[in-house]
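Notes to accompany the following structure.
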Amino acid sequence: MTVAAGAIGLLLAVALCALVHVAVMAFAGRAFGVALDELSFGLGPRLLRLGKVSVRLLPVGGAVRFQTAGATMPVDDADIDPQHLEAQPLWAQLFIGASGCLALIALACALLGGTAGVQALTDGFANIVSGALSPLHTAQALLARVDAAAHSLPFPTLLGLTAATTAALNLLPLPGANGGYLLGALGKSAGLGKHWPASVTQILLLAYVALAVSWLVAAVVYLSNGV
């Protein structure tokens, strides 16, 4: 496989996983009657908007925004708009929040095999964290493995590995990720929200940003060394 074909295959796998992730979450929310504010496919400047669906420049991520009460949450549950996410029972909120990741895990298991799919998910957690902690060493070795996989593996296998890694990334217990939302929903249900300092959320958000920046540095270094 040529260098260009490998890069295109990897980009296509990432884009497909991003699409599955956000589309399944949006579908799950609408199935429970939650109003959708925006389904955004991609990152960066908006290129196109069709109703509540936005297509952005970089096809490597996405987001789903449901209508929520936000900071104006009523004291009386009866006053919550039934189309708001908070109006759903806890199990439904958790299902909606995890649905995109569950779809990716199912895709990984279907393409790689059940045991291999679960192992790829577990490896995804370990690789994401260890690479972020060592962007100039561990991350370089991991990126070399990704590079080799993109140029040697059949596309279904590459897609399965990408799906497992994408699910692991989004299940991290950090703000902005599905894992952070799931923990937040559980905490609110247990009445812990009022005891949770805002400073802790800010620290966790900084950790998420630091993880992203670390991997960005690793990618830049890897690509510069390969030129």
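The values are calculated or read from the model by the stated rules, or taken from the named source; none is laboratory data. Everything numeric in this text was worked out from a predicted model, so none of it was measured. Cβ: placed from backbone, ideal geometry, glycine included. Neighbour counts: every protein chain shown. The area values use the complete protein model at the heavy-atom level, side chains included, leaving out ligands, DNA and RNA. Shrake-Rupley method; radii C 1.70, N 1.55, O 1.52, S 1.80 Å.
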Check: Where a ≥ b ≥ c are the square roots of the eigenvalues of the C-alpha gyration tensor, would you call the stretch 106-167 rounded, which needs a/c under 1.5, or, failing that, prolate if a/b is larger than b/c, or oblate?
Finding: oblate
Checklist line | Global form of the stretch 86-227, assessed from the alpha-carbon gyration tensor, a/c cut-off 1.5 | finding: oblate
Next item on the list: Would you kindly state how much longer the chain becomes between VAL55 and LEU136 on full extension, computed as 0.36 nm times their sequence separation minus their alpha carbon distance, in nm to one decimal?
Entry: 25.8 nm
Notebook entry, point to check: Cβ under 14 Å from SER40's Cβ, SER40 left aside: what net charge do those residues give with Lys, Arg +1 and Asp, Glu -1?
Noted result: +3
Checklist line | Net length gained if the chain between ALA198 and ALA210 were fully extended (0.36 nm per residue, minus Cα distance) | finding: 2.5 nm
Notebook entry, point to check: R0 = 22 Å: FRET efficiency of LEU186 with PHE27, Cβ-based, nearest 0.05?
Noted result: 0.45
Margin query: Heavy atoms of the protein only, probe of 1.4 Å, neighbouring chains included. What is the accessible area of TRP196 in Å², nearest 10?
Written below: 140
Margin query: Quick check for you: with a 1.4 Å probe and neighbouring chains kept, what is the accessible area per residue of the stretch 152-227, in Å²?
Written below: 58
Notebook entry, point to check: Relative to the present Cα-Cα distance, how much length would full extension add between TRP91 and ARG65 at 0.36 nm per residue of separation?
Noted result: 7.5 nm
Notebook entry, point to check: Carbon and sulfur together cover what percent of the accessible area of the chain at a 1.4 Å probe radius?
Noted result: 72
Checklist line | the stretch 17-41-the stretch 172-212 distance, computed between alpha-carbon centres (Å) | finding: 21
Item checked: Most mobile listed residue (ALA132, ALA177, ALA198) in the chain, GNM with C-alpha springs under 10 Å -> ALA198
Next item on the list: Divide by every residue of the chain the summed helix terms, -39500 (n - 2.57) for each DSSP H run of at least 4, and state the resulting mean residue ellipticity at 222 nm, rounded to the nearest 500 deg cm²/dmol.
Entry: -22000 deg cm²/dmol
